[in-house]
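Down below is the structure, laid out as structure tokens.
Read-outs: derived from the displayed coordinates by stated rules, not from any lab. None of the values given here were measured: they were computed from a predicted structure. As a convention, Cβ positions derive from the backbone with ideal geometry for all residues, glycine included, and neighbour counts pool all protein chains shown.
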Amino acid sequence: MSGCGAPQQTATLPANVDAGKEVVLTGKVLAAGEPVGGAFVRLLDATGEFTAEVVSSPEGDFRFFAAPGSWTVRALHRAGNGEATVTAEGPGLHELQVSVA
Amino acid sequence: MSRENVLVSAAWAEENLNTPGVVFVEVDEDTSAYDAGHIPGAVKIDWKQDLQDPVRRDFVDRDGFSKLLSERGIGNDDTVILYGGNNNWFAAYAYWYFKLYGHENVKLLDGGRKKWELDGRPLDKEEVNRPATQYQAKEPDTSIRAFRDEVVDAIGKKNLVDVRSPDEFVGKLLAPAHLPQEQAQRAGHIPSAINVPWSKAANEDGTFRSDDELREIYGEAGLDGSKPTIAYCRIGERSSHTWFVLRELLGHSDVKNYDGSWTEYGSLVGVPVEVGPGKEARA
């Protein structure tokens, strides 16, 4: 049984994940143009409901495994909050950046 | 039930880091967060290594729990303050687990690691060694733990609260969206369950919503306060969060957490499964 904790947040996919099947939303959290680690990054569905949350890596990376649809990624950090939206049509990597201020 | 009996604020916690008889415990699935910086003086419990039997899918037994707490330097009379990442999911699971084994004084740090970090409160990497104790766990209190047969019997009779995200509930996702979706079990939910995602009960910073807000959320969702309630999610930790809300904050008397949750139910042969949005609030 695997747990519910997030795998390590990295810019590259773990070896056991098939990007041909998974709808992957990935990107960086930025503050003043620089990546920020330790931000709480939440994935909200098209209705604004919470779906998942990860903590950005020291390089600012985050990653979600979602489904086709519209998603909002919202980041909370001591430096400020911010959000960005993305529409995923199907499997593959969907990249976005979230700036906090 | 009063909030002060079951929750502490980050401000209270910071003022009581050195109070005798108060032990801070960080609970996570991935303890690298603890190792990279923890609340000063806090010991760690690893959700998987420390709380799950290494062979069977079950908890460590009473002796195992006694041994674990003894090694961590936690006494039967200590006030244990639990906190962790993931919006306190695993800390809430540990709270329920401590209650299961009869620990009297246990509380959650409201907002967990997230609130603590967003507040900019201190974390350190000091190794924490507390003198060992002779902890004595009690017999497991199964009045707060639901097993699968009981869950199947509860369909259409008791409140079943599915606390996963709406997409997991309808069968669109098989796991929370920070995890890969390839899973063995069927997608969907237990028939007659209402979907109240755990996150409805929390503010963005991870703290719990007010009692009035919580009563409104579960009332609007159709939870019948006169009936017993079973909460479930995927592996039982998000539902511990909701179990905490219903029993410890709102004071419902008969609330169980089904730790088998969807990874067990969705793999059972022959049980009914419902997909789609489910029915609206049931009378």
Charge context of A:E34, other residues only, Cβ under 14 angstrom, K/R +1, D/E -1: -1
Per-residue average of Cβ from other chains inside 10 Å of B:165-177: 5
Selected from B:G270, B:G260, B:G206 as most flexible by GNM, with chain B as the system and alpha-carbon contacts under 10 Å: B:G270
Projected label distance in nm at A:A79 and A:T10, using a 7 Å step from Cα toward the beta-carbon: 2.4 nm
Bins of 5 Å from zero: percent of alpha-carbon pairs in the stretch B:3-140: 2, 10, 21, 26, 21, 13, 5, 1, 0
Label point distance in nm, B:V269-B:N5, each placed 7 Å from Cα along Cα→Cβ: 4.6 nm
Inverse mean reciprocal Cα-Cα distance (Kirkwood Rh) of chain A, Å: 13.5 Å
Charge sum, other residues only, whose C-beta stays under 13 Å from B:D141's C-beta, Lys/Arg counted +1 and Asp/Glu -1: +3
Chain B: most fluctuating residue of B:F244, B:F59, B:F208 per GNM, C-alpha cutoff 10 Å: B:F59
Approximate shape of chain B as ellipsoid semi-axes (Cα gyration tensor, √5λ), whole Å, largest first: 31, 20, 18
Projected area averaged over orientations for the stretch B:144-265, convex hull of C-alpha atoms, nm²: 7.0 nm²
Rg(Cα)/(2.2 N^0.38 Å) for the protein assembly as shown, N = residue count: 0.95
Degrees, to the nearest 10: B:89-100 long Cα axis against longest axis of chain B: 80 degrees
Net charge over other residues, Cβ less than 9 angstrom from the Cβ of A:T10 (K, R count +1; D, E count -1): -1
Sites B:D53 and B:E220 - FRET efficiency at Förster radius 30 Å, r taken between beta-carbons, to 0.05: 0.15
